[in-house]
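K.L.:
One structure, pasted below without further comment.
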Amino acid sequence: MSGIKVAINGFGTIGKRVADAVDAQSDMEIVGVTKTGPSFGCDLAVRKGFPLYCTFDDETRISRFGEQGYDCAGGLSDLLAIADIVVDCSPGKMGNENLAKYQAADIKYIFQGGEKHNLTGQSYSSSANHEENLNAAGTRVVSCNTTGLSRTLVPLYEHCGSLKVECTMIRRAADPGDSSKGPINAIKPVLKVPSHHGPDVMTVKPEIEINSLAVAVPTTLMHMHSIIADLPAGHGLTTESIIAMWRDTPRVIVMHGENNRITSTAEVMELARDIGRKWGDLHEIFIWEDGVSLQGDRLYYFQAIHQESDVIPENVDAIRALMGIEADWRQSVAKTDAAIAAYYNL
Ligand code: NAD
């Protein structure tokens, strides 16, 4: 064990994935993960050899772990005391309470997209603003949707110098492991217009003018984005050169839907399972080549987002940014992704 000491507060959908991705890296290590109480999720921490802590310092809650046969190393304060940085993977909207604990422990912190930008005053997406986050006290890795939008829009913006975007987020109703969310037989619009997803891109790339609408649909697999981007006159791009640009962009997969018989999110997730990362994760944003069309200066495209995992490698890059150990986002991305691939023997 060596390197940056990373604590994971909240070992749920995102937390367990970030823990694995950190464990894969040679320059950082997991010093502990928290659970609110004993549950089947503790078994994964035990199998991985990650020290298990209680989310709270309350002795009664800590002792419950032992009663169910789990070895609990202490409360959150004990974990924060031995860590350099904490990745907060709590369910969202718990940021204020948790931030106070991190500041009291005087360690760096990373929140997730369920928290608002105001909490940290700083947000993160690897390709958009890694440098701005160098040596910061804390940041927020933007949500899965905002990460997806940033991945494909930032390279376009960097080529064009300006970009106006309208997009619709067609969102999965629940993660596969959730039994309490919906809808199960409806299409539910987000009646706050515009939705927060598009404007959230501006927390990492303020130069992109973007608005969004969102609906939730009864699927658990992925989100889909339907995107219209107006490019400035004289951009010099074609449909083919835009596709080539995305093929060269890290963490983006472009495939021809019809030729590859990969015409829906069901087949995209089957491809992800073939790749072989744990949980069938897809860290990349998926673009259908035959769904991309530049008409005049207006670009149309679809992309699919694996909501549970596109933000995972971004958390690793964010750790490097905050700890100030890699200034070049491309170097960090290459290192993160190569280590994850080696970890899973891909
Ligand atoms: P989750 O419910 O799967 O996991 C949250 C974990 O935190 C659970 O283990 C829970 O017991 C624990 N927890 C509860 N209270 C806590 C507290 N006070 N402090 C610390 N931990 C606590 O949630 P998730 O899906 O992993 O989401 C975590 C964060 O990541 C949220 O901000 C969410 O918006 C964001 N996010 C989720 C997804 C996704 O698709 N699941 C994608 C991107 C970002």
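None of the figures in this text is laboratory data; all of them are computed from the coordinates on show. Computed from a prediction, not measured in an experiment: that's the story for all the values here. Cβ sites come from the backbone with ideal geometry, for glycine too, and all protein chains shown count toward neighbours.
K.L.:
Considering the convex hull of the alpha carbon atoms of segment 91-248, report its projected area averaged over all viewing directions, in nm², one decimal.
P.N.:
On the way: hull surface 44.1 nm².
Result: 11.0 nm².
K.L.:
Please say if segment 18-85 is rounded, prolate or oblate, where rounded means a/c under 1.5 for a ≥ b ≥ c the square roots of the C-alpha gyration tensor eigenvalues, and otherwise the choice is prolate for a/b larger than b/c and oblate otherwise? Don't skip to the end; give the middle numbers.
P.N.:
Numbers: a/c = 2.77, a/b = 1.46, b/c = 1.89.
Because a/c hits 1.5 or more and a/b fails to exceed b/c, segment 18-85 counts as oblate.
K.L.:
7 Å from Cα along Cα→Cβ at both residue 278 and residue 58: what's the point-to-point distance in nm?
P.N.:
Between residue 278 and residue 58, the simple spin-label model gives 2.9 nm.
K.L.:
Going down the table (116/192; 35/108; 116/205; 164/205; 16/48; 93/116), which pairs top 18 Å between alpha carbons? Mind dumping the intermediate values first?
P.N.:
Working: 116/192 16 Å; 35/108 20 Å; 116/205 16 Å; 164/205 12 Å; 16/48 10 Å; 93/116 8 Å.
Among 116/192; 35/108; 116/205; 164/205; 16/48; 93/116, the Cα-Cα distance tops 18 Å for 35/108.
K.L.:
While we're looking at this one, here's another question. When you count, for each residue, the other Cβ atoms within 10 Å and take the mean per peptide, how do 203-212, 135-144 rank with the highest first?
P.N.:
Details: 203-212: 19.4, 135-144: 22.6.
In decreasing order of mean packing, 203-212, 135-144 become 135-144, 203-212.
K.L.:
OK, next. What residues have an amide H closer than 5 Å to that of residue 210, excluding those fewer than 5 places away on the same chain, when H is modeled at 1.01 Å from N in the peptide plane?
P.N.:
It is 165, by chain and number.
K.L.:
Let me ask something additional. FRET efficiency for residue 346 and residue 241, Cβ-Cβ distance as r, R0 = 30 Å, nearest 0.05? Intermediate results must be reported in sequence, preceding the final value.
P.N.:
Numbers: r = 30 Å, r/R0 = 0.99.
For residue 346 and residue 241, the calculated efficiency is 0.50.
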